[in-house]
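What follows draws every value from the coordinates through simple rules; no lab data is involved. On a predicted model such as this, the values are computed, not experimentally measured, just so you know. Cβ: placed from backbone, ideal geometry, glycine included. Neighbour counts: every protein chain shown.
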Amino acid sequence: MRYLASALIGLFFIVFCQSASAADLLEKLLLANPWCTFKYNKVTGYSSETRVQFFSNGTYATGRRGEGYSSGRGGTFGSQSDKRSYGLWKVADGVLYLAEQGGAPQAVRTKVTRNSRGATIIIADGVEYYQCK
């Protein structure tokens with residue numbers, strides 16, 4: 001059922017893309033869902049997840065969580081870190097611009113594509129983001 005829903009959403013975006021500009025499509029895609037990325041280092045056991053939510057008022061919020069564990073002669077050590085940030089966003093001429101907490105707007109290279117399962121992903125400055133659950 002999830003794959004069917006994903007396929008229908010993908011079909012909607014393909015049809016929509018034919019009648020809308022790339023800037024409109026990117027903006028609607030960013031607003032449709034929160035976007036996440038996950039990283040895991042199998043050598044260190046450290047993992048991190050980032051979640052980005054775009055809002056229609058031109059603001060966005062980012063939450064990051066990192067966790068890690070290590071064991072040795074001294075015992076086991078666990079760590080966790082959380083970070084939140086906020087800023088402004090806009091799409092102009094098909095380019096995404098982000099301004100983090102009062103900073104100057106910076107262009108973000110974006111590419112909208114599909115992963116091996118057919119789900120829509122956004123690659124932003126080389127980092128792959130998927131639609132959060």
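The value of relative contact order for segment 80-133, using C-alpha pairs under 8 Å at least six residues apart, is 20 percent. On the basis of the beta-carbon distance and an R0 of 41 Å, Ala92 and Val43 show a calculated FRET efficiency of 0.50.
The phi torsions of segment 119-133, fed into the Karplus equation with coefficients 6.51, -1.76 and 1.60 and a -60° offset, translate into couplings of 7, 5, 10, 10, 9, 10, 6, x, 9, 8, 10, 10, 6, 5, 7 Hz, rounded to whole numbers, with Gly and Pro shown as x. Extent along the principal axes, Cα only, for segment 35-106: 55, 21, 19 Å, with the longest axis given first. Take each peptide in 41-49, 90-98, count the other Cβ atoms within 10 Å of every residue, and average; sorted highest first, the result is 90-98, 41-49. Sort segment 72-125 into rounded, prolate or oblate with this rule: let a ≥ b ≥ c be the square roots of the eigenvalues of the Cα gyration tensor; rounded if a/c is under 1.5, and if a/c is not under 1.5, prolate when a/b is larger than b/c, oblate otherwise. The shape class here is oblate. Summary value for segment 36-88: 30 percent relative contact order, contacts being C-alpha pairs under 8 angstrom separated by 6+ residues. Pairs over the 20 Å Cα-Cα cut-off, from the set Lys83/Lys111; Lys28/Lys111; Lys39/Lys133; Lys42/Lys111: Lys83/Lys111; Lys42/Lys111.
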